[in-house]
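Coordinate-derived values only; no laboratory data. A quick note: this is a predicted structure, and the numbers were derived from the prediction, not measured. Every residue, glycine among them, receives a Cβ derived from its backbone with ideal geometry; neighbour counts consider all protein chains shown.
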Amino acid sequence: MNMAENTVWAIMTGGLLSLALLAAAEAVVIRSRGAVRNLLLVVLVSGTAVLLSGLPEALFPGLPAQFVMVLKAGLGPLSNALGLRFLGIWTGGDREDPIVYRLTVWGSFGMLGAALALMVLAALAAPGDYTLLMLLSAAVNALAVLLLMVVAARAALLGDPLARWLVVACVILAGMVTGLYLKVLKIEGFGLGLWIFTAACAVVFILMMTVLILVRNQANRRLARLARLETGSDPATGLPTGAKLLSEVEHAFWRMGRLHGKCIIVCVYLSNLYELADSMGRTIDNQILAATAARIRRAAGFRCVVGMYHPRCFIIVFSTERKRVFDESLLTRIRSLVTQPLQVVGSNDKRQQFLPQVGISALTVVPDHAQPQDVIHDAEQQAMDQMRRRPPIDDQAETAC
């Protein structure tokens, strides 16, 4: 490599090293599994990019050629294996999309097997076979990038707000992988402009990936914290209401209408929201609402619409494709989380346990023939009727005894 190319790859390495140090600092400060996963992914992808650029060989000519080839052949598929596994977790795991989650798991195992096979072949191959090995590695990585794009696009199509940026990141990843393997294979006809583009793609991809993981991890931590209702805080629900809620529900109907799918409207009606207001003060209402909203969002996931029709009535809109059946266990999970006791803090730091009493209803609607306000009203009425049919708490306790 000439001095100009060395400079490009050195600048890229410096940028990737800076991002790796930031990821390490986050892992040390936050000490969460999400931060550790981010650090592992940043280090592995960055190391692969630096190795494929040829900079280590230019700086250290004495490196064993076969050892370097083993790393070049296997690190790309290995980083993609880790990326697919973490992507399945990032998109919500088995609860959000079981089909795609299984695809990421099996894809991860496939990439891991391919990485090990390529490393073994590289360790046994003669120097004349290195080009063929790198072609195989490039093909495996291209397949992995395509799989990452499919998963990201599906998540975006199903309503994950961050997945749209993940699609953009996957496009940038494709540019990075293409440029690096053109460099490794020494394809003629490409010059400094392509290497600058490749280096920029590497830094931008790692940066976007880090930000997306950081934002999702922060959202998960915030929901977990609000679901526990930490005392001393006065959080707002942040849920859409009124015209904004109706607009989001209408958009969900429109999106599923295009896909010929269905929408399930779930209403969670909190009947005893105000029962402690006289003894504890009006401030506890916001505490209860914030905790309930966080629990509902945590149970429902990120892809569905969650809003507040009015303070006692929470609305969730699940979207299902034409050939998929709605997972009824979601309702059980929502009820289980929402009905858990929580501690509220009133005036003069007075503390008391609040036991939510909720009614839950679910309506399946065909999006093309539904009006959001009418459907929400019907779901609310069903949830209220469920509460009316339930025996009083005292009667339930006597029956349990």
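The figures follow:
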{"quantity": "Per-residue ³J(HN,Hα) for segment 159-168, Karplus 6.51 cos²θ - 1.76 cosθ + 1.60, θ = phi - 60°, Hz, x for Gly and Pro", "calculated": "x, 5, x, 8, 5, 4, 6, 5, 4, 4"}
{"quantity": "Distance between modelled label sites at ALA219 and ALA4, nm, 7 Å Cα→Cβ extension", "calculated": "4.3 nm"}
{"quantity": "Amide H partners (placed H, <5 Å) of GLN357, local residues excluded", "calculated": "SER271, ASN272"}
{"quantity": "Length-normalised contact order for segment 82-143 - Cα pairs under 8 Å, 6+ apart - percent", "calculated": "28 percent"}
{"quantity": "The chain - Kirkwood radius from inverse mean 1/r over Cα pairs (Å)", "calculated": "24.1 Å"}
{"quantity": "Globularity index of segment 242-400, i.e. its alpha-carbon radius of gyration over 2.2 N^0.38 Å", "calculated": "1.11"}
{"quantity": "Between 0 and 90°, nearest 10: helix 65-90 axis offset from the chain longest Cα axis", "calculated": "10 degrees"}
{"quantity": "Between helix 130-157 and the chain: long-axis angle, C-alpha atoms, 0 to 90°, nearest 10", "calculated": "20 degrees"}
{"quantity": "Centroid-to-centroid separation of segment 109-165 and segment 327-381 [C-alpha atoms, Å]", "calculated": "43 Å"}
{"quantity": "Candidate lysines for bridging to LYS244, where Cα separation is under 22 Å - those fewer than 8 sequence places away on the same chain excluded", "calculated": "LYS262"}
{"quantity": "Given charges at Cβ of Lys, Arg, Asp, Glu: segment 3-228 dipole, positive-most of LEU16, GLN66, LEU192", "calculated": "LEU16"}
{"quantity": "About the Cα centre, charge dipole magnitude for the chain (Lys/Arg +1, Asp/Glu -1 at Cβ), debye", "calculated": "280 debye"}
